[in-house]
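Everything on this sheet refers to the single structure shown next.
The values are calculated or read from the model by the stated rules, or taken from the named source; none is laboratory data. Remember, predicted model here, so these are calculated numbers, not experimental data. All Cβ positions, even for glycine, are placed from backbone atoms using ideal geometry, and neighbour counts span all protein chains on display.
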Amino acid sequence: MADLRTDYQDDVLDASENTARVYDLVDSNGKVVLAGVHLEDKTVYKTKGDDYGAADINTQNTKINQINASLSGKANSLDVTFGNQIIANISVSTGAEVGKYIREHIPLSKLQKGYVFNFIPAQSPQWFSGILYCDASTWATGATCWGFYMNRDNNILYKYNCVYGGTDAVTKLGGNMKVNYSSLEWESSGNSTHTVVNDGELFVTLYSPNNVNHATLLINNNPVFNGTSAEALSYGGIDHIPVSQGDVISISTNNAYTKCRLYNYKTT
C-alpha cells in the first residue's frame, strides 16, 4: 500500500488584499447580484466544535503510514504454507508421533507462518491433516511449537504442544463416533488386560441386576471408571472410548455382564 499524503496545507489568505474570505453572490443565471461580500457567523452556540484542518490530516496519515511500515514485513502473516507430505520409511505410526515428526523435519521458518499439512505415514494407512505453528525460526530456548491435526480416517482430533527442552505433549480431543470398524480386536472376559495393537474404539458395557457388583476400568493405569454397576447405570454407561496403538487396557470385575470390546478403525 502506498503511503498516504502528509503534506496537506490550509488556505493562507493574502493579507494585502483581504483579511477574510470574500464572495460574490450569484443568481441561477450566473449574474452577480452582490459582489465582494463576506459571511459572518451569527449563530449562538452552546459548545463550539473543534476545527479540523491540514495539520490534523497530516498527523493522522503519518500515524497510519507508521503502522503500515511496521507491518510491511508481515504482509503475509496470515498466509500459511501448504505442504503435502507423503513420507516413506519412517517410524511414525500413530497420531501422537505426527506433530513431533513435523517439528523435527519441516523448517521452522515454514512453521512460523502456520504449516498446513496432509501427512500419510508409510507405516500406517491413515491420513492426518492439520496445522502447526512455531514462534521461532530456530529450535532453541524459548521456542514453542503447537497446533492441531486430525486423523481423517477416524476423525480423532489431536492437540500438539512442545516447548524447547520439554517433551512433545499430545492430547487426544475425541472424534466422531459414527465411523466404520474393520474388525473386533479384543473382547474382555472377566478380569483381563490387553495392549492395543491398532487404533480403535473401546466399547464398554457395565450392567448388573443389583448394586453389589463392582467394575474397574483403567487405560494406561488411568481410571476411566471405578465403582458399582448401579453407578455406571446412573452415569449412563461408558461407551466409545478412543484408544491408540500401545495403550494398555485393564478391567477387573465380579460382574459377568461387564464387557469391553475393542474395534479397530476401518483404514481402507
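The C-beta contact set for region 199-222 (first residue not assigned by TED's automatic domain parsing to the domain that holds MET150 and outside any strand (DSSP E or B), second residue among the charged types (D, E, K, R) and at pLDDT 75 or above, distance under 8 angstrom, 6+ apart or interchain) comprises ASN220/ASP247. Contact map, region 182-196: residues that are of a type in the set (A, V, I, L, M, F, W, C) paired with residues that are at pLDDT 85 or above and surrounded by 12 or more Cβ atoms within 10 Å (Cβ to Cβ), Cβ distance under 7 Å, separation 6+ or inter-chain. Pairs shown: TRP186/HIS194; VAL196/VAL243; VAL196/SER244; VAL196/GLN245; VAL196/GLY246; VAL196/ASP247; VAL196/ILE249. The sole residue among TYR101, TYR52 that is at pLDDT 55 or above and within 30 Å of ASN151 (Cβ to Cβ) is TYR101. Counting just the residues of region 136-172 that are of a type in the set (Gly, Ala, Ser) and in a strand (DSSP E or B), which one comes out farthest from TYR263 (Cα to Cα)? Within region 136-172, the match that is farthest from TYR263 (Cα to Cα) is GLY147.
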